[in-house]
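Since the structure comes first, as structure tokens, the remarks are kept for the end.
The values are calculated or read from the model by the stated rules, or taken from the named source; none is laboratory data. The shown structure was predicted, so the numbers you read here are calculated from the model rather than taken from an experiment. A quick note on method: Cβ atoms are made from the backbone with ideal geometry, for glycine too, and the neighbour counts reach across all protein chains shown.
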Amino acid sequence: MSPVHVEGVGPSAYFGAESTGSAVASVLSADPTEIAVGAIGLVATVVVFAWVRRDASANDVPRARLWPILASGAVALGLYLYLFAPVPMTGVIMTSNTGLVLYGFERELATRDPAPTEPGTLPHAPTSSDESTASNGNPSATTGESSTSNGESSVTDGE
């Protein structure tokens, strides 16, 4: 009994008749721009993997082995979508950036100072009390601050 061939069914219906040939021949017949984008994308994926792995290890980010895979996988998925799927460019850009954005959030949480900052101060800047107590242990010696009887401080102009 011979196999029955139904038109519109099988790999040639989805990928075209030329896809049943050699994969190398299909790559060589591709547009040179697509080949360049694919090569640059593969290099970018490897660079993202190496950079995130090095950075995650250096900054003691939790799950340091997972983040390079996630970040470079998102870049590779964006490259695949750009080359082979008919999706809008905004979707490709969003997909490619997702892994790096998520890693950035995780890195920020890992490197954040555990002590909360005081309102009106920069996170790692010395406070005025640190600077003033450094000289002679007297808080009013360098800043001109004096405390009143009700606990509030007032600043004098040093005269």
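Is it true that some residue in region 48-71 is farther than 30 Å from residue 113 by Cα and either part of a helix (DSSP H, G or I) or at pLDDT 90 or above (or both)?
So far as region 48-71 goes, no, none of its residues is farther than 30 Å from residue 113 by Cα and either part of a helix (DSSP H, G or I) or at pLDDT 90 or above (or both).
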Looking only at region 32-47, which residues are surrounded by 13 or more Cβ atoms within 10 Å (Cβ to Cβ) and without any contact (Cβ under 8 Å) to a residue 12 or more places away in the chain? 35
Filter region 30-45 down to the residues that are over 20 Å from residue 73 (Cα atoms) and either aromatic (Phe, Trp, Tyr) or part of a helix (DSSP H, G or I) (or both) and list them by number. 32, 33
From the list 83, 77, which one is assigned to a helix (DSSP H, G or I) and either touching a Lys or Arg at 6+ places or on another chain (Cβ under 6 Å) or modelled with pLDDT under 90 (or both)? 83
Within region 82-108, the residues that are more than 14 Å from residue 45 (Cα to Cα), free of Cβ contacts under 8 Å to residues at least 40 places away in the same chain and either crowded, with 18+ Cβ neighbours inside 10 Å or among the charged types (D, E, K, R) (or both) are 92, 108
